[in-house]
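The next block holds one structure in the form of structure tokens; read it before the comments.
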Amino acid sequence: MLLRHLLPDAAALKTYCYTLRDHSGLVMPPLSALPAVPATPSLWERLSGRQLPGVPHWSTQTLAELINWVVAANYEKLLVPPLASHYEVAQAIIGITSYSSGVGVEEITLQSSFVNDLGMD
């Protein structure tokens, strides 16, 4: 199910984010509006000829992706060691990668390359 069916506008998303934070202490990854103008390529993108993945617009994503982002952004609170499943390990890896690199959890997948996709050396 697409998020735009559950959260019809940015105001509803903002209310959901505050409710999640206030009732559970969890943080939401930053979910932005569509950019008004296309972003100019970074120096790394111009030199390498590759393009970094952009932040997906929240309304085009599914509820499952939102849940994955929240789990990855809050892995220290939600995933209790020892990690028992592939899902728990994957979300912890994404959360640690996001924390270490400064790249948002919504931009990271298990298929992401540190150098080619995330711009890390």
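For every residue, the table says whether it meets (1) surrounded by 13 or more Cβ atoms within 10 Å (Cβ to Cβ); (2) in contact with a helix residue (DSSP H, G or I) (Cβ under 8 Å, 6 or more places away or on another chain); (3) within 22 Å of Arg4 (Cβ to Cβ); (4) acidic (Asp, Glu).
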residue	(1), (2), (3), (4)
His57	yes, no, yes, no
Gln61	yes, yes, yes, no
Asn68	yes, yes, yes, no
Val71	yes, yes, yes, no
Pro82	no, no, no, no
Ile93	yes, no, no, no
Tyr99	yes, no, no, no
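Where in segment 44-121 are there helices (runs of 4 or more DSSP H), lying wholly inside it, with at least 1 residues that are more than 21 Å from Ser24 (Cα to Cα) and aliphatic (A, V, I, L, M)? Please lay out each step first, then the result.
On the way: elements: 63-73, 75-78, 86-101.
Filter on segment 44-121 gives 86-101.
Which one is modelled with the lowest pLDDT, of the residues in segment 20-66 that are of a type in the set (Ser, Thr, Tyr) and more than 12 Å from the chain's Cα centre (by Cα)? Can you show your working first?
In the first step, residues of segment 20-66 are kept if they are of a type in the set (Ser, Thr, Tyr); the result is 24, 32, 40, 42, 48, 59-60, 62.
So of that shortlist, the ones also more than 12 Å from the chain's Cα centre (by Cα) come out as 24, 40, 42, 48, 59-60, 62.
Numbers: Ser24: 89, Thr40: 71, Ser42: 68, Ser48: 77, Ser59: 74, Thr60: 78, Thr62: 84.
Taking the candidates together, the pick is Ser42.
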Checklist entry - Mind checking which pairs have a first residue in segment 1-16 that is closer than 13 Å to Ala64 by Cβ and a second that is outside any helix (DSSP H, G or I), Cβ under 8 Å, 6 or more apart or different chains? => result Met1/Thr62; Leu2/Gln61; Leu2/Thr62; Leu3/Gln61; Leu3/Thr62
Checklist entry - For segment 76-96, how many residues are within 16 Å of the chain's Cα centre (by Cα) and over 17 Å from Glu65 (Cα atoms)? => result 2
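The values are calculated or read from the model by the stated rules, or taken from the named source; none is laboratory data. Bear in mind that the values here come from a model prediction, so they are computed numbers and not experimental data. A quick note on method: Cβ atoms are made from the backbone with ideal geometry, for glycine too, and the neighbour counts reach across all protein chains shown.
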